[in-house]
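Have a look at the structure below, then the notes.
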Amino acid sequence: MSPMDLADFFHIGLIVPDLDEAVARLGREFQLEWSTRIDVNVRMWTRDHGVRAIRARAIFSRQYPHLELVQAVAHTPLAVTAGRPVHHLGYWTDHLERDSQALAASGCPKIMCADDNGKMFGIAYHLRPDGLIVELVDRASYADWEGFLAGRIQHQVTVPQA
């Protein structure tokens, strides 16, 4: 299966300078309802800066197609890019490592991923030649996606056991 199978497309990611303001404004303008917020500290590898801990803050619209609003993080691929409101397209994957390698081999280098002592897990961001980013999301990292969207559970970053 291609890592960019339309059946696995599930969100459009926007990087915002102020998450609270964007949630209020976009919710009002588009009558969106929101999932619980993601607010986690995670080690991320980036192509330009190596491994560092970041605070990842995000939220998803409950309505499909899901909008993911991500609080900007300076000096990472999650920084705001002027003139480019759409940051990434998000795809589920059941084979993160394999699909990440396939995207890289097709000319879309990996620019960021969650890191556990040099091992990728959870998510990987790849840069397309046109500047758009593709985010691969390990389906196992959201065991109950509908429950998360409905606010019944809080998302946790879980490092997979070897």
* Asked: Remind me, relative contact order of region 6-149 in percent, using alpha carbon pairs under 8 angstrom and six or more residues apart?
  -> 26 percent
* To do: Give me the net charge of D39's neighbourhood, meaning all other residues with Cβ under 13 Å from the Cβ of D39; Lys, Arg count +1, Asp, Glu -1.
  => +2
* To do: Read phi for every residue in region 116-121 and hand back ³J(HN,Hα) as whole Hz from Karplus 6.51 cos²θ - 1.76 cosθ + 1.60, θ = phi - 60°, with x for Gly and Pro.
  => 10, 6, x, 10, 6, 8
* Structure fact -> Residue-ordered couplings for region 67-79, obtained by feeding phi - 60° into the Karplus form 6.51 cos²θ - 1.76 cosθ + 1.60 and rounding to whole Hz (Gly and Pro as x), are 9, 10, 9, 10, 5, 4, 10, 4, 6, 9, x, 8, 7
* Stretch gain in nm, segment E146-R55, where the contour uses 0.36 nm per residue and the Cα spacing is subtracted -> 30.4 nm
* Asked: Excluding I12 itself, what net charge comes from residues whose Cβ is under 12 Å from its Cβ, given Lys and Arg +1 and Asp and Glu -1?
  -> -2
* Radius 13 Å from Cβ of I54, net charge of other residues (Lys, Arg +1; Asp, Glu -1) -> +2
* **Ranked list, fewest to most other Cβ atoms within 10 Å of each Cβ, for V73, V86** => V86, V73
* Asked: By count of other Cβ within 10 Å, fewest leading, how are Y125, Y64, Y142 ordered?
  -> Y64, Y142, Y125
* To do: Could you work out the equivalent-ellipsoid semi-axes for region 1-58, taking the square root of 5 times each eigenvalue of the Cα gyration tensor, largest first, in whole Å?
  => 25, 21, 10
* Asked: How large is the helix-only mean residue ellipticity at 222 nm for the chain, computed as the sum of -39500 (n - 2.57) over DSSP H runs with n ≥ 4, divided by its residue count, in deg cm²/dmol to the nearest 500?
  -> -4500 deg cm²/dmol
* To do: Note down the magnitude of the dipole of region 6-149 about its Cα centre, charges +1 on Lys and Arg C-beta and -1 on Asp and Glu C-beta and zero elsewhere, to the nearest 20 debye.
  => 340 debye
* Structure fact -> Helix 19-30 sits off the longest principal axis of the Cα atoms of the chain, rounded to the nearest 10 on a 0 to 90 degree scale, by 60 degrees
* By how many degrees, 0 to 90 and rounded to 10, does the Cα axis of helix 96-105 deviate from the longest principal axis of the chain? -> 70 degrees
* Which length gain, in nm to one decimal place, applies between D116 and R84 when the Cα-Cα distance is subtracted from 0.36 nm times their residue separation? -> 8.5 nm
* Structure fact -> Ranked on Cβ counts within 10 Å of their own Cβ, fewest leading, H155, H87, H49 go H49, H155, H87
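Each reported figure results from applying straightforward, stated rules to the coordinates on display, with no laboratory input. Just so it is clear, the structure is predicted and the values come from calculations on it, not from any experiment. Counting neighbours? That spans all protein chains shown, and the Cβs are built from the backbone with ideal geometry, glycine included.
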